[in-house]
1. What aspartates and glutamates sit close enough to LYS37 to cross-link, taking a C-alpha to C-alpha distance under 13 Å and skipping anything fewer than 8 places away on the same chain?
2. In the range 41-77, which GluC sites (Glu not before Pro) are in a loop and have at most 13 other Cβ atoms within 10 Å, using DSSP for the loop call?
3. Pairs of lysines 8 or more apart, or on different chains, with alpha carbons under 23 Å: count those in the range 38-171, would you?
4. How many nm separate the modelled label positions at TYR113 and PHE154, each set 7 Å beyond the Cα in the direction of the Cβ?
5. Given CYS143, SER168, ALA133, which one lies farthest toward the positive end of the charge dipole of the range 119-174, if we put +1 on the Cβ of every Lys and Arg and -1 on the Cβ of every Asp and Glu?
Amino acid sequence: MKKHFNKTSQFLVWLSVISVLLYSLEVRANMFSWFKKYNVHLSPAVQGNITLEGKPLPGIKVFRELDYDNAYNEEATTDEQGRFYFAEKHIKSRQPANKLDQSKIRQVISLVYHGKTFVLWYLNTSSIEPQQAIVQRLAALNCELSDEELEHAFPNIEKPDFPHSTFSICRWPD
């Protein structure tokens, strides 16, 4: 009987040691998760076209401002057909690890023409992942400077209960 008790005791001791080690590794992983950097999708690629009374505007500077944990600013110049392009933008950030953080990604695309600022796109989102409806609209940012700036609401494909809303002079078929 004594041998059986010793083997059982040894097994329980080893099981306890392994459990404590696994638990402490999990606690340490969670404790230091705020050191981990996450992929944050700030903006999909942007393809746009600038016109005035239906005619392309070449040589116009277009500005993209993206804010999350820092400000990221870029500019592009329209070509002869009034087209411009910005590449997709990702960053690495520790901010998503902060469970209390309520930060949003702010996307602003604008231009200045004859001293007047035109908002081509203004949107705030809490998603650090690409959102299909935003990707679709920024792939076809066709803007007529004579159009009025409006608020555009459109469906959020990933979270239908939370539609998107942007301010823009640009128009989309839907």
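1. ASP69
2. GLU53
3. So the count works out to 8.
4. So the two model labels end up 2.0 nm from each other.
5. Of the listed residues, the answer is ALA133.
No lab work stands behind these numbers, since they all come straight from the coordinates. Keep in mind that what you see is a predicted model, and the values were worked out from it rather than measured. Glycine gets a Cβ as well: all are built from the backbone with ideal geometry, and neighbour counts include every protein chain shown.
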